[in-house]
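Engineer: What follows is a structure written as structure tokens; I'll ask about it next.
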Amino acid sequence: MKKKAAALICTIMTVTSLVACSKTSPEKAWSGAYINDDGMILVLSEDGSGYLNDGYGSNLEIEWEIDDDEISFEADNGMDFTIDIEDKEPGDKITVKGSDKSSDKFKRVEIYEEK
């Protein structure tokens, strides 16, 4: 009986540790490319870097982070941006709000590498 109990406990511990290791970090889940209807592109990289392209060829470098239910980033032009992600999944449309009271809706897009 003790051997069966020990085996069951070991199995539970193994499964629990595998599940814990397979969880995706919030940064990894939200990293990706997003685009709005005007052609603006937002790229969030897993390492916290990225860029915001205004749709006219100008790339603003950004540093982003997740704090509670919000993604925040500052562009290299000094503007601050926030994205409320409360009750949202990474595939949902997101609203990027700027410190200048601007607001744009972005949708996530898949980028495929050509071989």
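Read the figures in this text as sums done on the coordinates, not as results from a lab. Note that the structure is a prediction, hence the values are computed from the model and not measured. Ideal geometry is used to build each Cβ from the backbone, glycine not excepted, and the neighbour counts take in all protein chains shown.
Engineer: Could you list, in sequence order, the residues of the stretch 85-113 that are more than 18 Å from Ile41 (Cβ to Cβ) and not hydrophobic (A, V, I, L, M, F, W, C)?
Structural biologist: Glu86, Asp87, Lys88, Glu89, Ser99, Asp100, Lys101
Engineer: Here's a follow-up. Here are Ile94, Ile41, Ile35, Ile62: which of them is under 12 Å from the mean Cα position of the chain (by Cα) and in contact (Cβ under 8 Å) with a residue 12 or more places away in the chain? Full working, then the answer.
Structural biologist: Numbers: Ile41 fails: under 12 Å from the mean Cα position of the chain (by Cα); Ile35 fails: under 12 Å from the mean Cα position of the chain (by Cα); Ile62 fails: under 12 Å from the mean Cα position of the chain (by Cα).
Exactly one of Ile94, Ile41, Ile35, Ile62 is under 12 Å from the mean Cα position of the chain (by Cα) and in contact (Cβ under 8 Å) with a residue 12 or more places away in the chain, namely Ile94.
Engineer: If we only count strands (runs of 3 or more DSSP E) wholly inside the stretch 31-115, which ones have 3 or more residues that are surrounded by 11 or more Cβ atoms within 10 Å (Cβ to Cβ) and among the β-branched types (Val, Ile, Thr)?
Structural biologist: Output list reads 94-98.
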